[in-house]
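The values are calculated or read from the model by the stated rules, or taken from the named source; none is laboratory data. Since the model is a prediction, treat every value here as computed from it, not as a measurement. Every residue, glycine among them, receives a Cβ derived from its backbone with ideal geometry; neighbour counts consider all protein chains shown. Areas reflect the complete protein model, heavy atoms only, side chains present, ligands, DNA and RNA absent. Shrake-Rupley method; radii C 1.70, N 1.55, O 1.52, S 1.80 Å.
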Amino acid sequence: MKQPSTDWHERIAPDEEAHLARVAEVMAELQRAKSSKFGTGRALHRKQLLAATGTLDVLEGLPDPARHGLFATPGQHRVLVRLSSGGPDIQSNRRPDIRGFALKVFDVSGEGALGGTTNHQDFLMINQNRAPGANSREFIDFLEAATPGPLFGIAHLFKAYGPIGGFARLRDLFTMLGRKFNGFAAERFDTVAPVQCGPYAVRVRLKPVGSPPPQARSKDIADDMRERLAVGPLHWDLELQFFVDEATTPIEDVSRPWPDAETPVVTVARLTLPRQGVDAAAAEAEAARFDPWGGLAAHRPLGEVMRARKVAYFESQNGRSA
């Protein structure tokens, strides 16, 4: 097992400023197109499946590399959770999609990643441990092409990468979308792109605690969570997976999972959603800003994808007057 390292580096391309301006344009156009069809909403992760409130208990006795920012002091924090489907459309919960687990932690105080001070920390995770592309450029190209409809996006892949390359990318995309999803109570979630933990770099993960049935009780993933939370509490461990070296845990390439066998993983907190009627938190979560840059400077997002997301989320928030 390799040890956590602070020898990580970000790389900024000479044309990144121009690329980020294009990210803003593409995201704004996507949001306008989808909001005209479905009503005002987010550019991506538009469909909120469920919202809930709970607590995050930061554990005692953490190792030194983990004791930064939110995890510097043991204690309990209030949380707001938004569960979502990743796409820009409103569609059936049974259709394949990336599933999002957004966590907003309150009762926080410190220097903000965006400057000034902050009173919360956001972690945005999905049910994957990698992205389909290494950086945001391929994704933005695809998103721009697919804004009129998914068939335009598929045509773009073959036009841009040829028959073999287009088929490979399409297969990889459908493999990710079609990955069996057993419900939010039974799946792992990952930030995919890294954030700081003080001088270290980490990916943040959620792992369910206990033994929920491997198969969702309801075929509808939102109803499954409603049924579970109507009966009793649910728990997840919040984990930090540490950067060890560029070859094993690349900062800039989000298409590569960070391997568990070669990286230190530390459980830093326990997330609890108590028994509740989840609809009570729906309006608060729908109106809230969940932003990977919404939090402490000690957990500043890292890498080109996170810098692109900074621009994308700002455009999305403006587009729905959040």
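Can you give the charge dipole size of the stretch 12-119 about its Cα centre, rounded to the nearest 20 debye, using +1 on the beta carbon of Lys and Arg and -1 on the beta carbon of Asp and Glu? Could you put the intermediate results ahead of the total?
Values: 14 positive and 12 negative charges, 174 e Å.
Roughly 840 debye, rounded to the nearest 20.
Collect residues whose amide H, placed 1.01 Å from N in the peptide plane, falls under 5 Å from the amide H of residue 269; neighbours closer than 5 in sequence don't count.
59, 238
Heavy atoms only, probe 1.4 angstrom, no DNA, RNA or ligands counted: give me 92, 255, 321 ranked by accessible area, highest first. The partial results should precede the final answer.
Numbers: 92 60, 255 35, 321 105 Å².
Most to least solvent-accessible, the answer reads 321, 92, 255.
Mind giving me the FRET efficiency for residue 160 and residue 260? R0 is 35 Å, r the Cβ-Cβ distance, nearest 0.05 is fine. Write down the numbers at each step before the final one.
Numbers: r = 33 Å, r/R0 = 0.96.
According to the calculation, E is roughly 0.55.
Expected output is a single nm value to one decimal: the length gained when fully extending between residue 314 and residue 32, i.e. 0.36 nm times separation in residues minus the C-alpha distance. What is it?
Working: separation 282, 0.36 × 282 = 101.52 nm, distance 1.43 nm.
Extending this stretch completely gives an extra 100.1 nm.
Quickly rank 46-56, 5-15, 221-231 as a protection proxy: mean count of other C-beta atoms within 10 Å, highest first.
On the way: 46-56: 21.3, 5-15: 11.9, 221-231: 18.3.
Ranking, from highest mean packing down: 46-56, 221-231, 5-15.
Would you pull out the residues with amide H under 5 Å of residue 256's amide H, same chain only if 5 or more places away, H placed 1.01 Å from N?
131
When ranked by the protection proxy of mean other Cβ atoms within 10 Å per residue, highest first, what sequence do the peptides 58-68, 260-270, 165-175, 189-199 form?
My ranking of the peptides, most packed first, is 189-199, 260-270, 58-68, 165-175.
If I build a Gaussian network model for the chain, linking alpha-carbon pairs within less than 10 angstrom, which residue out of 300, 94, 309 has the largest mean-square fluctuation?
Looking only at 300, 94, 309, the largest GNM fluctuation is found for 94.
Suppose each label sits 7 Å from its Cα in the direction of the beta carbon; what would the residue 90-residue 73 distance come out to in nanometres?
Once both label points are built, they end up 4.3 nm from each other.
For the stretch 95-152, calculate the relative contact order in percent as a whole number, restricting contacts to Cα pairs under 8 Å that are 6 or more residues apart. Please list the in-between numbers first.
Details: 49 pairs, mean separation 16.7, N = 58.
Worked out over the stretch 95-152, it gives 29 percent.
Might you tell me the accessible area per residue for the stretch 1-121, computed with a 1.4 Å probe and given in Å²? Write out the running numbers ahead of the final one.
Details: 6050 Å² over 121 residues.
With all protein chains present, the stretch 1-121 gives 50 Å² per residue.
Just the accessible area for residue 37, please: 1.4 Å probe, Å², rounded to the nearest 10?
Per-residue accessible area (residue 37): approximately 140 Å².
Using θ = phi - 60° and the Karplus form 6.51 cos²θ - 1.76 cosθ + 1.60, what ³J(HN,Hα) does each residue of the stretch 256-262 get, whole Hz, x for Gly and Pro?
Taking θ as phi minus 60°, the curve returns 10, x, 8, x, 4, 5, 10 Hz for the stretch 256-262.
With every protein chain present, what is the per residue accessible area of the stretch 249-307 (1.4 Å probe, Å²)? Provide the component values of the computation, followed by the final result.
On the way: 2120 Å² over 59 residues.
Result: 36 Å² of accessible area for each residue.
Okay, helix-only estimate at 222 nm for the chain: each DSSP H run of n ≥ 4 adds -39500 (n - 2.57), divide by all residues, round to 500 deg cm²/dmol; what do you get?
-10000 deg cm²/dmol
Considering only protein heavy atoms and a 1.4 Å probe, what is the carbon-and-sulfur percentage of the accessible area of the chain?
Exposed carbon and sulfur together represent 55 percent of the surface.
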